[in-house]
Each structure stands twice: as C-alpha cells, then as structure tokens.
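The values are calculated or read from the model by the stated rules, or taken from the named source; none is laboratory data. Since the structure is predicted, the reported quantities are computational estimates derived from the model, not experimental observations. Here the Cβ positions follow ideal geometry from the backbone for every residue, glycine too, while neighbour counts run over all protein chains shown.
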Amino acid sequence: MRKSLLGNAAFVALGLVLAFMPLSGYEEGIVALLCINCIAAMGVSLLTGFTGIFSLGHAAYMALGAYTAAIMTVRYGVHWLPAIVAGGIIAVLVAWLIGMPTLRLTGDYYAIASIGLGEAIRLILENWQSFTRGARGFPGIDSYTNRAVSVGFFTVLGIGMFNLIYSRLGRELKASRDDRVAASLMGFHTPASRMKALLISAFYCGIAGALLGGYMNFIQPSMFDMMKSTELTAVVVFGGLGSMSGTLLGSAAITSVMEYFRDISQYRMLIYGLLLVVIMVLRPEGLLGDRELWAFVPSLRGGVKRSEAREGGEGR
C-alpha cells in the first residue's frame, strides 16, 4: 500500500509540474513527445521487465492505435478522445488474436515470432492502400495531442500502471517471470496472467500510437518499423528490467538526447548508441536495476522495507 501511494503521489506531482510549468512552444512539444514515449515504454516494461517476455514487435500496436484514431477522426469525424481509446482497444483485440497461439512460446522464440508479427502488421498497413493510403502515409490528422492531453494520459495511465505492478496481478507476473513452474505450483494461473500482461501492454502502446498521430499530424507505416520496436525494448533495458520508474527515466534520457541533438542529426544516433553502451558497461542491470526510484531515498527506503516486512508476515 505504501509503495502504491508513493507511486500515485509521484505521478500526480510530476503531472502537475509538466502541465503547468512555463515552457516555450518547442519545449512543450518535447514534453508531449516525452509523455507519449513514456506511455509506450510502460507498456513494454510490463511485458518485458515484469513478465519476462521479450518482444520486438510492439511498434505494430502503436501503428494500430495511430491508424485507428486517424481514420476515425479524419474520415468519420469522431471526437479525438473516444478515437484514442478505440485505438487502444483495437490494439488489445489484435494482441489477443496474436497472443492465443504465440504466448505458448518461451524465451527467444517469442521474441523472434514478435518480429515477424510486427512486420506483418506493418506490411498490411503499407499495402492496404484503399483504406490506409499505404506507403504514402495518412495526412491531415487534427492536432489534438498537445501538452495538456499528453500529460493527462501519461498521469492517468502511470497511476494505473504503478497500482497494477503492486497488485495481485503484478505479483503473479513477477513470479511467472522468475520461475513459471514454481509460480504454477503456488496456484498462479500463469498463461492467463501472461495474456493479461500482453493485452495491457498492447493497450498502452495503442494509446501511445494514437497520441503520436495527433502530435505528428501525419503517420505512415515506416514510422512503426522494427527499429521503433527495438528502441522501446532498449529503453526498458536501459532503465532496468523490473523497474517502472527506471523505464521512465530511461525514456526521458533517450528522448532528450534524440531531441536536443536534432541540430546535429548526423551525430545523433552516434550519441544515442554511445549512451546505451556506457550505461550497459557501467550499469549492466540498467539505471535502477529491478528497484524503483524511492528505494534510493534513505527517508523512504526504511518505510518501504517495514511495509514489505509486514506484508510478508501477513502472507505467512
């Protein structure tokens, strides 16, 4: 309970700061993009860091969310809010169809399958020209993703995610990640919990994709290729597997590097790669490892440890 309250309070405070601090127009755009990237990274972190399922195809769910929201708002005049939610729901439905046969795979096999499935979805969007306009892209999307909208979604989804990882389902996912056989023997229904993790992860990425469409005002399938999926997974590893706040810090660091060095675009990817290499050498477990940010704050660490001890005693 204490950890959930800490996460909720941190997100409310962060959301208020991001929403109301004075910024220039360019800086507001960076904040909006940062929130979008963090939403997608939280979804991948739940599946990869907390469930142990490595995925290299989650950009496909972002693409589904982006195209769903774009088509609904541009062609059918639907308000952007239900269109964004619909983008997340469509991503969930496709993830369910994909997850039924593929979640039986473990380890590297699922990662390889996710690459093929992600590319298959991208190619469908690229070749379905009568509906998605194909490789030409989808222009004319309304600018509904501003700083307030992106920060609002980030805050709500962030609070939901931090409550989730400290809930019973969160404990099931971490137990399944550490040892699926032992988790099953303890009474956890690991196939169902893994499916739930995939669906929630897809929803977050679908929402992020829908928000990205409103931010860019233009989308095309090449924006959601394997490189984007790899970037999302790299952010999770960079921040620390099993650390949601580490994922957010990693996403903030990488987004800042990619944006603030845009003027020297020929060196931007070099700096990005160098940053990843340095962190992996100095901190192989990632920025925060498997701990959350408040575990490094002495005044909060003792309270969290006492809370964990009480929870352990109650469990026994």
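Structure data summary
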read-out	value
Matching option when the condition is surrounded by fewer than 18 Cβ atoms within 10 Å (Cβ to Cβ) and not in a helix (DSSP H, G or I), among Leu105, Leu123	Leu105
Single residue of region 153-206 satisfying the filter (among the basic types (Lys, Arg) and buried (at least 20 other Cβ atoms within 10 Å of the Cβ)) that is modelled with the lowest pLDDT	Arg177
Complete set of residues in region 243-285 that are closer than 22 Å to Tyr204 by Cβ and touching a Phe, Trp or Tyr at 6+ places or on another chain (Cβ under 6 Å)	Gly250
Criterion: modelled with pLDDT under 90 and either under 25 Å from Leu14 (Cα atoms) or in contact with a His (Cβ under 6 Å, 6 or more places away or on another chain) (or both) - qualifying residue of Val277, Val257, Val236	Val257
Selection within region 78-129 - among the acidic types (Asp, Glu) and closer than 18 Å to Ala66 by Cβ	Glu119, Glu126
The listed residue being of a type outside the set (Asp, Glu), in contact (Cβ under 8 Å) with a residue 12 or more places away in the chain and either outside any helix (DSSP H, G or I) or surrounded by 24 or more Cβ atoms within 10 Å (Cβ to Cβ) (or both), out of Met72, Met42	Met42
Residues of region 129-148 satisfying the condition of being out of contact with any helix residue (DSSP H, G or I) (no Cβ under 7 Å at 6 or more places or on another chain) and either more than 16 Å from Asn217 (Cα to Cα) or not basic (Lys, Arg) (or both)	Gln129, Ser130, Phe131, Gly137, Pro139
Selected residue (criterion: farthest from Ile71 (Cα to Cα)) from residues of region 218-256 that are surrounded by 18 or more Cβ atoms within 10 Å (Cβ to Cβ) and of a type in the set (Phe, Trp, Tyr)	Phe238
Residues satisfying the stated conditions in region 126-152, i.e. surrounded by fewer than 19 Cβ atoms within 10 Å (Cβ to Cβ) and not in a helix (DSSP H, G or I)	Trp128, Gly137, Pro139, Gly140, Asp142, Ser143, Asn146
For Thr51: the one exception among (1) in a loop (DSSP other than H, G, I, E, B); (2) surrounded by fewer than 23 Cβ atoms within 10 Å (Cβ to Cβ); (3) touching a Lys or Arg at 6+ places or on another chain (Cβ under 6 Å); (4) of a type outside the set (Phe, Trp, Tyr)	(2)
The listed residue being touching a helix residue (DSSP H, G or I) at 6+ places or on another chain (Cβ under 9 Å), β-branched (Val, Ile, Thr), in a helix (DSSP H, G or I) and over 30 Å from Gly25 (Cβ atoms), out of Thr233, Thr155	Thr233
Residue in region 185-205 that is more than 19 Å from Leu164 (Cα to Cα) and outside any helix (DSSP H, G or I) present	yes
Hits in region 98-111 - residues which are aliphatic (A, V, I, L, M) and within 9 Å of Phe54 (Cα to Cα)	Ala111
Failed item, numbered, when Glu259 is tested on (1) buried (at least 19 other Cβ atoms within 10 Å of the Cβ); (2) assigned to a helix (DSSP H, G or I); (3) more than 16 Å from the chain's Cα centre (by Cα)	(1)
